[in-house]
1. Of the options HIS77, ILE55, GLY129, report the single residue whose Cα projects farthest towards the positive end of the charge dipole of the chain (beta-carbon charges: Lys, Arg +1; Asp, Glu -1).
2. Pick out which of GLU104, GLU135, GLU80 has the largest mean-square fluctuation in a Gaussian network model of the chain, springs linking Cα atoms closer than 10 Å.
3. Measuring from label point to label point, each 7 Å out along Cα→Cβ, what is the ASP79 to GLU3 span in nm?
4. Most mobile of ASP102, ASP88, ASP37 per a Gaussian network model of the chain (Cα springs, under 10 Å)?
5. For the chain, set up a GNM with springs between Cα atoms under 10 Å and report which of SER121, SER54, SER100 has the largest fluctuation.
6. Only one of the values (i) 24, 18, 15; (ii) 21, 17, 16; (iii) 139, 10, 6 was calculated from this structure for semi-axes √(5λ) of the Cα gyration tensor in Å; name its label.
7. How large is the accessible surface per residue of segment 1-120, computed with a 1.4 Å probe and reported in Å² as a whole number?
8. Could you tally the net charge around ALA56, taking each other residue with its Cβ under 10 Å from the Cβ of ALA56, Lys/Arg +1 and Asp/Glu -1?
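The values are calculated or read from the model by the stated rules, or taken from the named source; none is laboratory data. If you're wondering where the values come from, they're calculated on a predicted model, not measured in any experiment. Cβ sites come from the backbone with ideal geometry, for glycine too, and all protein chains shown count toward neighbours. Note: accessible area is taken over every heavy atom of the protein model, side chains too, but ligands, DNA and RNA are not part of it. Shrake-Rupley method; radii C 1.70, N 1.55, O 1.52, S 1.80 Å.
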Amino acid sequence: MSEKVKVLMVCLGNICRSPLAHGILENKLDPSKYTVDSAGTGAYHIGKQPDLRSIAVARKYGLDITNQRAQQFKARHFDEFDHIFVMDASNYYNVIELASNDEEHQKVNLILNELTPGMDSEVPDPYYGGDQGFENVYQMLEEACDKISKRI
């Protein structure tokens, strides 16, 4: 059997956007062929579950993300993952800063470039945006993950 394709979703704290993207994409892919994980560029929430609002919006769509635990993105992730999707420009630059060569740099993409290539659109951080912010983020990530699942 060939090695699994590994995908990492990255946001700031790894409790709102990247856990949703992780759960959504994981649900769309064959687990015998793909591994999906998530991380944050900051160390604020290491070891914690996703935000309760992310858990609630995921549950609304039949996904359980309660087993996820926040971790911080490290340079070693470039060796472990084939694709790294980031949620916004700040995440992108924080991840790219740790890349040691062009091959690692090429693994990193803004997730919404899947929907609007080259536009560098960002997934807004819903942390302070109330419940509707989480719903909006879920819908964006659902659409982007659908494209990713068909492409990889």
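1. With unit charges placed on the Cβ atoms, the residue in question is ILE55.
2. Sorting by GNM fluctuation, first place goes to GLU80.
3. Simple spin-label model gives 1.1 nm for this pair.
4. Comparing ASP102, ASP88, ASP37 in a Gaussian network model of the chain, the most mobile one is ASP102.
5. SER100
6. Matching entry in (i) 24, 18, 15; (ii) 21, 17, 16; (iii) 139, 10, 6: (ii).
7. 50
8. Computed value for this residue: 0.
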